[in-house]
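Take a look at the structure below.
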Amino acid sequence: MNEKRDLTFALTKGRLADQTLELLSRVGISCREMEDKKTRKLIFRNEELGLCFFLAKGPDVPTYVEYGAADLGVTGRDIIAEEKRNVYEVLDLGFGKCRMCVCGPEKAKEALSRREMIRVATKYPRIAQDYFYNRRHQTVEIIKLNGSIELAPIVGLSEVIVDIVETGSTLKENGLAVLETVCDISARMIVNQVSMRMENERITGIISRLREVVNGV
Ligand code: PRP
């Protein structure tokens, strides 16, 4: 008997998971078990479709997918670029849109334009390093932080930050501004490289159904 194995999805906890589940439901993929918001269960199964789903912290999603603990994953382009895991990025899902920016007080513009050796605080050291060294050809000191990045220039830890800007309200309320845009961000679907070969038909089937919905075909 040739029993199909479950395909496993790693989703990013929070709003991105809600938006992903909403999108999946539009192509007939749902998981009733996950609708119970109070559950402490970590992994959910839709037996009929042969699918499993689990929720993880964003930066862990590419790790689960690279190692094959999940066949597919959904997380932000920022995280995929920062983690640099060996996975296939197959689809822009069109939600979770924001920008990765260099931000700071207006007065930091001058040090940027003179390519001074400044300090850059960020949760994304790889993205910041790549931007300053390879695109701006500017040597900077990168300081890794884990959150509330906007604090850094306010308390004098760094001249600028590299961070996500969505509505811009965090910057505004703290007297900071976008100084330069590094790249646009949105949610992306990623796939394990071996799964893509072994389960090609099922996985590409899911991707093409999703693509049609995302592109409004
Ligand atoms: C993110 C980001 C900014 C903020 C941007 O932080 O790091 O601080 O959201 O959003 P806005 O432009 O809509 O104000 P998050 O809330 O994820 O928390 P963090 O500070 O712990 O990273």
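Table for the structure above
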read-out: Helix axis angle, 200-214 relative to the chain longest principal axis, alpha carbon, degrees; value: 60 degrees
read-out: Highest-fluctuation residue, A121, A69, A111 considered, GNM on the chain with Cα pairs under 10 Å; value: A111
read-out: Kirkwood hydrodynamic radius of the chain, Cα pairs, Å; value: 18.9 Å
read-out: Computed [θ] at 222 nm, helices only, for the chain once each DSSP H run of length n ≥ 4 contributes -39500 (n - 2.57); value: -8000 deg cm²/dmol
read-out: Estimated FRET transfer efficiency (T167, Y67; beta-carbon r; R0 25 Å; 0.05); value: 0.10
read-out: 3J(HN,Hα) from dihedral phi, region 7-22, Karplus parametrisation 6.51/-1.76/1.60, rounded to Hz, x for glycine, proline; value: 8, 10, 9, 9, 10, 7, 3, x, 4, 4, 5, 4, 5, 5, 5, 5
read-out: Cα extents of region 94-146 along the three principal axes, largest first (Å); value: 36, 22, 22
read-out: When the convex hull of its Cα atoms is projected in every direction, mean area for region 98-183 (nm²); value: 4.8 nm²
read-out: For region 66-81, 3J(HN,Hα) per residue [Karplus equation, 6.51 cos²θ - 1.76 cosθ + 1.60, θ = phi - 60°, Hz, x = Gly/Pro]; value: 4, 7, x, 5, 10, 7, 10, x, 10, 7, x, 4, 4, 5, 4, 5
read-out: Under DSSP loop assignment and at most 15 Cβ neighbours within 10 Å, longest trypsin sites (Lys or Arg not before Pro)-free interval of the chain; value: 137-217
read-out: Virtual paramagnetic centre 7 Å along Cα→Cβ of K57, amide N under 15 Å, in region 112-130; value: 123-125
read-out: Lys pairs under 23 Å by Cα in region 1-158, provided they are eight or more residues apart or on distinct chains; value: 24
read-out: Stretch gain in nm, segment M117-E47, where the contour uses 0.36 nm per residue and the Cα spacing is subtracted; value: 19.6 nm
read-out: Rounded FRET efficiency, nearest 0.05, which uses the C-beta distance separating K38 from R197 and R0 of 25 Å; value: 0.05
read-out: Accessible surface, 1.4 Å probe, highest first, among residues S208, S113; value: S113, S208
read-out: Other-chain or far-sequence residues with amide H under 5 Å of I185's (modelled H); value: C98, R99, M100
read-out: Accessible-area composition of region 98-183, carbon plus sulfur, in percent [1.4 Å probe]; value: 46 percent
read-out: Amide proton proximity set for I142, modelled H, under 5 Å, gap of 5+; value: V120
read-out: Accessible surface, per residue, of the chain when the full set of protein chains is kept, probe 1.4 Å, Å²; value: 56 Å²
read-out: Region 1-51 - percent of accessible surface contributed by carbon and sulfur, probe 1.4 Å; value: 47 percent
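The values are calculated or read from the model by the stated rules, or taken from the named source; none is laboratory data. Owing to the predicted nature of the structure, the values given are computational and were not obtained by experimental measurement. Ideal geometry is used to build each Cβ from the backbone, glycine not excepted, and the neighbour counts take in all protein chains shown. The protein model used for the area step is the full one, side chains on, heavy atoms only, and it has no ligands, DNA or RNA in it. Shrake-Rupley method; radii C 1.70, N 1.55, O 1.52, S 1.80 Å.
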